[in-house]
Every structure is written in C-alpha cells, then in structure tokens.
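What follows is a set of notes on a single structure, which appears directly below.
Bear in mind that the values in this text are calculations on the coordinates, not laboratory data. Model, not experiment: these values are computed from the prediction. Please note: Cβ atoms are built from the backbone with ideal geometry, for glycine as well, and neighbour counts cover all protein chains shown.
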Amino acid sequence: MDANSAQQAVREGKSIAGQNFSGVDLKGVNFAGADLTGCNFRNADLSHADLHDCTLVNCDFREANLTVTNLMNADLTGAKLRRANLKDSIRLGAQIKTYALKGAYLSGPPAYQD
C-alpha cells in the first residue's frame, strides 16, 4: 500500500492495521487518529508525518525516520523503535515504554513549539 491510498483509506475510516509499509516513503503523511496496530514501518520515511492520537501498538519502526513527526498522545505500546530517528519529534502524552527506545535517536524538544 502506498502513501496516497493509505491516507485515502484513513480519511474514509477504513482500517489499515497490519499493513506493510517497510521502506515506503510516507514523508508528511497524515494518519492522525488512525488505528495502525501491527503495521510494519521498518526503514520507512515518516518524517514530518502526523501520527497524533494514533494507535501504534506492536508496530515495527526499527530504523525508521520519524524526524519532526507528531506522536502526541499516540499509543506506542509494544512498538519496536530500535535505531529509529525521532529527532525533534513531538512526543507529549505518547505512551512509550522505555525499553522500546533502546538504540533510538532522541534529541530536540519533545513538545510542539510555535
């Protein structure tokens, strides 16, 4: 599934849970509020994406680019984030288990700043 068809499915209220987005360019995608449980985002480019209020339970974000990504209030329970780049991502209210962040690149402010 590509970025455009995935965004269209989310807008239409369709489930895209469990989809394989491994290596896909999802830069700037808007999945706000979507249930993405079990999706594979390994090596995907999610930079500048809007994932606020998303259910990202058991997703694979290993080696993914999540720079400047909005993860506010997202549920990342069980997500794999090893070697993911979360530089300058917005993480306020995100549910992230600390063990899942081993090897992840975290820098910059965790909050949105106008």
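Annotations for the structure displayed:
- Order of E63, E12 - criterion: other Cβ atoms within 10 Å of each residue's Cβ, fewest first: E12, E63
- Residues with amide H under 5 Å from that of N30, placed H, sequence gap 5 or more: D50
- Among D75, D25, sorting on how many other beta-carbon atoms sit within 10 Å of each Cβ, with the fewest leading, yields D25, D75.
- Phi to ³J(HN,Hα) by Karplus 6.51 cos²θ - 1.76 cosθ + 1.60 over the stretch 75-89, Hz, x for Gly, Pro: 9, 9, 4, x, 6, 9, 10, 4, 6, 6, 9, 10, 4, 6, 6
- Residues I16, I90 arranged by fewest to most Cβ contacts within 10 Å: I16, I90
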